[in-house]
Amino acid sequence: MRQRIDTDDLEIGMFVAELDRPWLESPFLFQGFLIENEQDLATLREVCRYVFVDPERSRGTAAQRKAPQAAANAAQISVEAPRARLRRPPVDAVRANDPRRFAESFQQVMKLQKRAHLALIRMIDERRIGRLVSFEPVLDVVRELTERVVENQNVALWLTKLREQDEFNATHSINVAILSIAFANHLGYEREALHAIGLGAMLHDIGLTEPSNDIIRQKIRLSEADFAVVRRHPMDGLFSLKRCHELPPMARDIIRSHHERIDGSGYPHGLKGDEIPRHVRIVGIADSYDAMTSDRAYRKAMQPPDALAELHREAERSFGHALVQSFIQCIGIYPVGSVVKLNTGAIAMVASTFPGERLTPLVLLLKDSLGRHMTPRRMVNLATASSGSGRTWSIESVVDPSRHGINVTSIAVDEMRAFG
């Protein structure tokens with residue numbers, strides 16, 4: 001039986017089954033979720049006065065102890081708790097991330113992206129000609145990138161909208177690193193762990209060779225021979241780094257196992273459940289999300305909300321429901337880069353989100369209510385914006401950018417140049 005609990009009395013581990021308001025008026029994407037950390041508690045207390053908790057789906061709380069047998073039947077994959085949360089900026093500080101400050105942050109992050117790209121390309125070149133591979137230049141970039149993500153994850157996430165292809169596909173690796181660091185920070189990992197996770201994410205595809213890269217990019221269906229080539233890349237990557245004795249164990253885990261799935265369907269070793277470390281699944285989720293939201297030879301990129309919905313549908317067999325739900329909470333109901341229609345009729349792209357107020361992000365206006373491209377484009381904070389008539393602005397729906405003549409990558413590149 002569900003219990004009504006004031007949000008001040010909520011605990012980590014409780015399963016929130018119902019809010020005191022419609023779900024669509026909240027920053028939570030799906031109905032029902034497990035409270036994973038202090039950020040979840042803070043968001044709930046900001047949005048709601050009370051919620052309804054399901055004791056049978058709760059874990060390790062007073063609510064669960066009232067229904068021990070039911071809770072045991074609903075046991076989920078265990079997730080080790082991080083040792084300590086990083087200090088996150090208060091909501092007021094995040095709000096201070098106004099359009100001007102948001103724009104000013106791009107220059108530093110752009111330089112980091114370029115350095116990461118060069119470091120990855122040099123590393124793969126060393127691997128190809130048989131030289132001793134060194135990960136230190138990549139780690140240096142990861143350390144700086146971690147600081148930028150912790151300081152302002154929205155600016156870093158904007159970079160994941162750049163979809164330029166290259167020989168090694170360094171862009172994808174950088175995107176996965178940004179997403180993984182942001183997600184691990186959301187879960188409360190310490191900085192050294194963030195560095196290791198970011199490094200593993202940056203190097204997760206280091207084992208890809210030219211044939212396997214071509215197969216992934218071009219083929220719709222893989223033959224057994226094709227799949228055998230692709231399946232080798234985690235171990236090939238680990239082998240190429242075998243002399244890097246100081247490579248963190250967490251990074252090694254990620255390179256080796258980022259394609260493993262909890263139902264045992266993954267590769268290279270068919271690991272199941274808790275055999276796959278949490279930090280590996282963090283990067284696996286980021287890898288899958290970036291792949292789904294990128295164009296492929298055989299399909300168009302999925303829109304961010306559709307990709308989140310797909311991750312949610314596959315959660316129980318892939319990465320676990322609780323961890324996928326946490327990823328959705330991390331990047332929000334309207335992830336950075338989503339193209340949306342406002343209630344004014346204007347079309348905009350989500351540029352930044354605020355904790356606890358995922359329904360009112362900072363957006364970049366692309367088209368006015370008459371469908372005309374806006375020149376110049378301008379940033380608007382939906383939490384404070386209103387029309388000339390005093391009408392509050394809000395998001396009406398997510399739209400397919402191609403149907404409105406919008407190329408997200410081109411816009412991201414244009415804005416980068418403008419800010420650079």
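The values are calculated or read from the model by the stated rules, or taken from the named source; none is laboratory data. None of these values were measured; they are calculated from a predicted model. Every residue, glycine among them, receives a Cβ derived from its backbone with ideal geometry; neighbour counts consider all protein chains shown.
With respect to the conditions (1) surrounded by fewer than 20 Cβ atoms within 10 Å (Cβ to Cβ); (2) of a type in the set (A, V, I, L, M, F, W, C); (3) within 21 Å of residue 406 (Cα to Cα), residue 347 lacks only one, and its number is (1). The conditions of being at positive phi and assigned by TED's automatic domain parsing to the domain that holds residue 176 are not met by residue 284. Tell me yes or no: at least one residue of region 392-406 is modelled with pLDDT under 85 and either assigned to a loop (DSSP other than H, G, I, E, B) or in contact with a helix residue (DSSP H, G or I) (Cβ under 6 Å, 6 or more places away or on another chain) (or both). No - not one qualifying residue is present in region 392-406. When restricted to residues that are closer than 18 Å to residue 253 by Cα and not in a helix (DSSP H, G or I), region 175-201 contains 2. The listed residues are 157, 139, 162, and the only one of them that is modelled with pLDDT under 95, closer than 20 Å to residue 409 by Cβ and in a helix (DSSP H, G or I) turns out to be 157.
Only a single criterion out of (1) closer than 30 Å to residue 280 by Cα; (2) part of a helix (DSSP H, G or I); (3) modelled with pLDDT of 80 or more; (4) not polar (S, T, N, Q) is not satisfied by residue 72, namely (3). Considering only residues of region 219-278 that are on the phi > 0 side of the Ramachandran plot and assigned to a loop (DSSP other than H, G, I, E, B), which is surrounded by the fewest Cβ atoms within 10 Å (Cβ to Cβ)? Among them, the one singled out is 270.
Within region 354-391, if we keep just the residues that are among the β-branched types (Val, Ile, Thr) and surrounded by 13 or more Cβ atoms within 10 Å (Cβ to Cβ), the residue that is modelled with the highest pLDDT turns out to be 363.
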